[in-house]
1. Using a Förster distance of 30 angstrom, determine the FRET efficiency expected from the C-beta separation of residue 38 and residue 70, and round it to 0.05.
2. Please compute P(r) over all alpha-carbon pairs of the range 1-87, binned at 10 Å starting from zero, and give each bin as a whole-number percent.
3. Between residue 63 and residue 28, what is the spin-label point distance in nm, taking each point 7 Å from the Cα along the Cα→C-beta axis?
């Protein structure tokens, strides 16, 4: 039952991934995803029937993760668009179009 530990580890990774997303710890999320890829490569194919509950939980968590990440990316996109709009507004007031570093060069 060596596979049982691997499937339990998969479940644990899902919990850690959800916590990393909730805390916006994006660097940690990248590491967790790398761990997941490695772990998935070690799982038996096809999976044993006893692994079905863990795989179903993993699927639900993956879908939740995807929804959360898409929402976070949309929020980030909105923030960047607002920053760009603010930058254009500042330029409309006649501010320099170059950065201080460019002016010094």
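What follows draws every value from the coordinates through simple rules; no lab data is involved. Just so we're clear, the structure is a prediction, and the values are computed from it rather than from any experiment. Cβ atoms come from the backbone with ideal geometry, glycine included; neighbour counts cover every protein chain shown.
1. 0.75
2. It works out to 15, 41, 24, 12, 6, 2, in whole percents.
3. Output for this residue pair reads 2.6 nm.
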